[in-house]
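The values are calculated or read from the model by the stated rules, or taken from the named source; none is laboratory data. Nothing here was measured: the structure is a model prediction, and the numbers come from that model. Here the Cβ positions follow ideal geometry from the backbone for every residue, glycine too, while neighbour counts run over all protein chains shown. All accessible areas refer to the heavy atoms of the entire protein, side chains included, with ligands and DNA or RNA removed. Shrake-Rupley method; radii C 1.70, N 1.55, O 1.52, S 1.80 Å.
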Amino acid sequence: MYLCEIKLNRLERKIRVGAVSYLNTKPLVYGFEQGVMKDEIELQYEYPSRIAAMLLNDQIDVGLVPVAIIPKLKECHIITDFCIGADGAVASVCLFSEVPLENVEKVLLDYQSRTSVELAKLLIKNYWKLNPELVDGKEDFRENIKGTTAGLVIGDRAFEQRKISPYIYDLGEAWKNFTGLPFVFAAWVSNKKLPASFVDAFNKANAIGLNNLNLLLRDISSPFFDLREYYTKCIRYHLDEHKLKGLDLFLQNLS
């Protein structure tokens, strides 16, 4: 098994924390943005693959990272009971196209998350049993989702793409249909042992936004998707036993 375990020791400086700059992380970082742990952490935001690189390079101590990074870390520990997961359709990690998937000849892969790319590759080969050309997408790749070229789009941009593309294939839903298990897209992972007091406080801080969604939703919205539905029906934030099984299965099957 690749699953990380929680181990603890002491650090004597502010702990560097990297979080993903997507709407799906807002409930988990709400407490930090309200000042919780401000004397204990240095918080910065980036897109998922960038946060993963920063954790690999020890530029941060903890990151809300795409789980595909886990086997690459020399040392790793999942440090909270929370994650970015799904138990069925997730809405914000999808293949988009103008034609049915069986007619797609090329798939452009979102550069912002290796986990979603690896999941797409796995599902295309083993679930949909297709063999399109797979191409790494650049920053403007969504402009080329047309004709027989599909695209994997993740995060907030996927909400907008839902209004554009007639065919939408949700990767969370496909994984659930394929395996019967939920999927974990990202988890809070550290690359070193952290103090028990920090881990406990960090875990409690993660719960603040989830316990105060009404307050959170007063401050944020999306013109493309109902965020209350997204936070309560699409994203599954608690890292329970079933999600850990899904995570382990995915890591065992990484290409």
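Converting phi to 3J(HN,Hα) with the Karplus coefficients 6.51, -1.76 and 1.60 and the offset θ = phi - 60°, the range 175-189 yields 4, 4, 5, 6, 10, x, 10, x, 10, 10, 7, 8, 9, 7, 10 Hz in sequence order, with x at every glycine or proline. Across every pair of non-identical alpha carbons in the chain, the mean reciprocal distance, once inverted, gives a Kirkwood radius of 18.5 Å. Rolling a 1.4 angstrom probe over the protein heavy atoms with all chains in place gives the range 160-240 an accessible area of 47 Å² per residue. Would you mind checking K74/K233; K38/K192; K125/K163; K14/K72 for any pair whose Cα atoms are more than 30 angstrom apart? Long pairs (Cα-Cα over 30 Å): K74/K233. Ranking L55, L217, L134 from most to least accessible surface, computed with a 1.4 Å probe over the protein chains only, gives L134, L217, L55. Of the whole protein surface, E229 contributes about 80 Å² of accessible area at a 1.4 Å probe radius.
Restriction of the GluC sites (Glu not before Pro) in the range 35-131 to DSSP coil positions whose beta-carbon has at most 14 other beta-carbons within 10 angstrom yields E75, E105. The HN-Hα couplings worked out from phi for the range 151-166 by the Karplus form 6.51 cos²θ - 1.76 cosθ + 1.60 (θ = phi - 60°) are x, 8, 10, 10, x, 4, 5, 5, 4, 5, 5, 4, 7, 10, 8, x Hz, whole numbers, x standing for Gly and Pro. By the gyration tensor of its Cα atoms, with a ≥ b ≥ c the square roots of the eigenvalues, what is the shape of the range 13-73: rounded for a/c under 1.5, prolate for a/b over b/c, or oblate? Oblate is the answer for the range 13-73, as a/c is 1.5 or above yet b/c matches or exceeds a/b.
Heavy-atom accessible area with a 1.4 Å probe sorts W188, W128, largest first, into W128, W188. Annotation: amide H of L134 within the under-5 Å range of V107, sequence separation 5 or more or interchain, hydrogens built in the peptide plane. Under the shape rule built on the C-alpha gyration tensor, where the axes satisfy a ≥ b ≥ c, the range 115-255 is oblate, since a/c reaches at least 1.5 while a/b does not exceed b/c. Within the range 14-114, the ratio Rg/Rh, alpha carbon atoms throughout and Rh by Kirkwood, equals 1.04.
Solvent-accessible surface (1.4 Å probe) assigned to F178 amounts to roughly 80 Å².
Could you give the angle, 0 to 90 degrees to the nearest 10, between helix 114-126's Cα long axis and the longest principal axis of the Cα atoms of the chain? For 114-126 against the chain, the angle is about 40 degrees.
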